[in-house]
Amino acid sequence: MKYISTRGQTAPMSFSDVLLMGLAPDGGLMLPESYPHIDGDTLNRWRKLSYTELAFEIMSLFATDIPADDLREIIKKTYTKQAFGSDEIIPVTKLYDNLSLLELSNGPTLAFKDVAMQFLGNAFEYVLKQKNERLTIIGATSGDTGSAAEYALRGKQNIEVFMMSPNGKMSAFQRAQMYSLDDANIHNIAVEGMFDDCQDIVKALQEDAAFKAKYSLGTVNSINWGRILAQIVYYFKGYFAATTDNSQQVSFCVPSGNFGNVCAGHIAREMGLPIARLIVATNENDVLNEFFNTGKYTPRKSSETYVTSSPSMDISKASNFERFVFLLLNKDSEQVAKLFNDVKNGQGFDLSDKLATVADRFGFVAGKSTHQDRLNTIKKVYDETQRLIDPHTADGVKVAQEVQNAGEYILVAETALPAKFEETIALAVGDVPLPRPEHTVGLENKPQYVTVVPNDAKAVAALIEQHIIAR
């Protein structure tokens, strides 16, 4: 399988090369030339597989340049009971009739991003060893990507990690998870701005061809195809857990800011998984909700981005959205390049003439949740089921129940465990015990290591140069 750029100016590449590169040289996002189609017989066979077996079957369709035995070993090393708490890896648990949780947050950092990031860390290490190369990871996080990446890459050979986060905008638990790491290859950078500013710096450095080449820049944000690939697997596994045969359809509701997680669901649907609808749940930063309801995509400035109680979704430019738009526009890379260059220059775009296609052909629908909605939903779920959910998952439950059709079965993608957001949980339900995995007890009391910088790509570049030269 070869990979192409959404902007059409990059020669087709192999999986291993795409894994290491982040943004394409032309500024676009890499994706397969076409998505493989999975027939009913294959779905029946896959239904009986363990998580690691299923992951191998799916990933081997995309990572065709990695020998099968090596790919199996990477997957086996990644998805263990020790790392994820059970052999199921991502259990499905019932909340209400026709509404269940896809439990994605049982990994080392208690967030869904562990499922992909643990794979990415092991895949990076393997590919770099094969190529005898080093990699400098630059990333941006609004809360969970950073810690998931750092825990997956800490101590890895030939990898240096520079992770940007918006200064003071994450929860105390999220900051402690990242900033308490003292591994020599992990560097935390707090940017005076919002997540979108951090993301813009990542893109600016990725687009600086000389700097990117000199320091071998890669990324772990959802623009990295390896992350999307690993996430595709759990849509299949969740579907199989929620159904008894392939005649049944399931909808997925996915809390989303950057469009990475739900993009994987979109690809699973394109591959033939019987997904009825993909429901995008946003918080007050609702550019994706606006697009899926009006066809207008209007990214906002960081000064117009709200700081909310579901901080991992405080994003006003969905960097992964381009992969879907590429398909929506029938792979017209020239038009895609124009639209997203306009976005880079502060403009939005209007595809309202495509709204019927968005809903009917691709199955998308969206809704929005606010701070009070989150509190109400957390309390309602706790009172009715005795289960605590985190604020982002609450956004998903609220929107799922709001748009649910009669008889529609919805799996809500769990985003994180509630222990990461104890202040918001306390506002919703009062002082209740928040169970924590043993390795997170006392995390906030550990020394923290972070460098605060202005919102300036040159300042971040100088910091990267300083650390790499010192190593």
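The values are calculated or read from the model by the stated rules, or taken from the named source; none is laboratory data. Just so it is clear, the model here is predicted, and its values are computed rather than measured. With ideal geometry, Cβ positions are generated from the backbone for all residues, glycine too; neighbour counts draw on all protein chains shown. Only protein heavy atoms, including side chains, enter the accessible area calculation; ligands, DNA and RNA are left aside. Shrake-Rupley method; radii C 1.70, N 1.55, O 1.52, S 1.80 Å.
In region 389-417, how many residues are open to solvent by 20 Å² or more (accessible area, probe 1.4 Å) and either part of a helix (DSSP H, G or I) or under 19 Å from P108 (Cα atoms) (or both)? The total comes to 5.
Hand me the list of helices (runs of 4 or more DSSP H) wholly inside region 3-105 holding 2 or more residues that are open to solvent by less than 50 Å² (accessible area, probe 1.4 Å), touching a strand residue (DSSP E or B) at 6+ places or on another chain (Cβ under 7 Å) and of a type outside the set (D, E).
On the way: elements: 15-21, 40-46, 51-62, 68-78, 81-84.
In region 3-105, 15-21 are the helices (runs of 4 or more DSSP H) which contain 2 or more residues that are open to solvent by less than 50 Å² (accessible area, probe 1.4 Å), touching a strand residue (DSSP E or B) at 6+ places or on another chain (Cβ under 7 Å) and of a type outside the set (D, E).
Y382 falls short on exactly one of the conditions (1) in a loop (DSSP other than H, G, I, E, B); (2) open to solvent by 30 Å² or more (accessible area, probe 1.4 Å); (3) modelled with pLDDT of 95 or more, and that condition is (1).
Within region 179-199, track down each residue that is without any contact (Cβ under 8 Å) to a residue 60 or more places away in the chain and in a helix (DSSP H, G or I). Result: C198, single match. Checked against (1) outside any helix (DSSP H, G or I); (2) under 23 Å from S142 (Cβ atoms); (3) modelled with pLDDT of 95 or more; (4) under 24 Å from the mean Cα position of the chain (by Cα), R436 passes all but condition (3). Between M170, M117, the distinction of being assigned to a helix (DSSP H, G or I), modelled with pLDDT under 95 and crowded, with 21+ Cβ neighbours inside 10 Å belongs to M117 only. When each of F252, F240, F211, F236 is tested for being part of a helix (DSSP H, G or I) and within 18 Å of the chain's Cα centre (by Cα), the lone residue that passes is F236.
A quick yes/no check of all residues on (1) open to solvent by 10 Å² or more (accessible area, probe 1.4 Å); (2) outside any loop (DSSP other than H, G, I, E, B); (3) within 30 Å of K420 (Cα to Cα):
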{"residue": "S303", "(1), (2), (3)": "yes, yes, yes"}
{"residue": "Y306", "(1), (2), (3)": "yes, no, yes"}
{"residue": "S316", "(1), (2), (3)": "no, no, yes"}
{"residue": "K331", "(1), (2), (3)": "yes, no, no"}
{"residue": "F340", "(1), (2), (3)": "yes, yes, no"}
{"residue": "K354", "(1), (2), (3)": "yes, yes, no"}
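Filter region 438-456 for residues that are of a type outside the set (S, T, N, Q) and over 16 Å from N167 (Cβ atoms); which is least open to solvent (accessible area, probe 1.4 Å)? Lay out the reasoning, then the answer.
Filtering region 438-456 for residues of a type outside the set (S, T, N, Q) gives 438-439, 441-444, 446-447, 449-450, 452-454, 456.
If we keep only those that are over 16 Å from N167 (Cβ atoms) as well, we get 438-439, 441-444, 446-447.
On the way: E438: 164, H439: 99, V441: 98, G442: 30, L443: 4, E444: 62, K446: 98, P447: 84 Å².
Out of the qualifying residues, it is L443.
Candidates in region 255-289 are the residues that are in contact with a Lys or Arg (Cβ under 9 Å, 6 or more places away or on another chain), free of Cβ contacts under 8 Å to residues at least 40 places away in the same chain and assigned to a helix (DSSP H, G or I); of these, the one that is surrounded by the most Cβ atoms within 10 Å (Cβ to Cβ) is A264.
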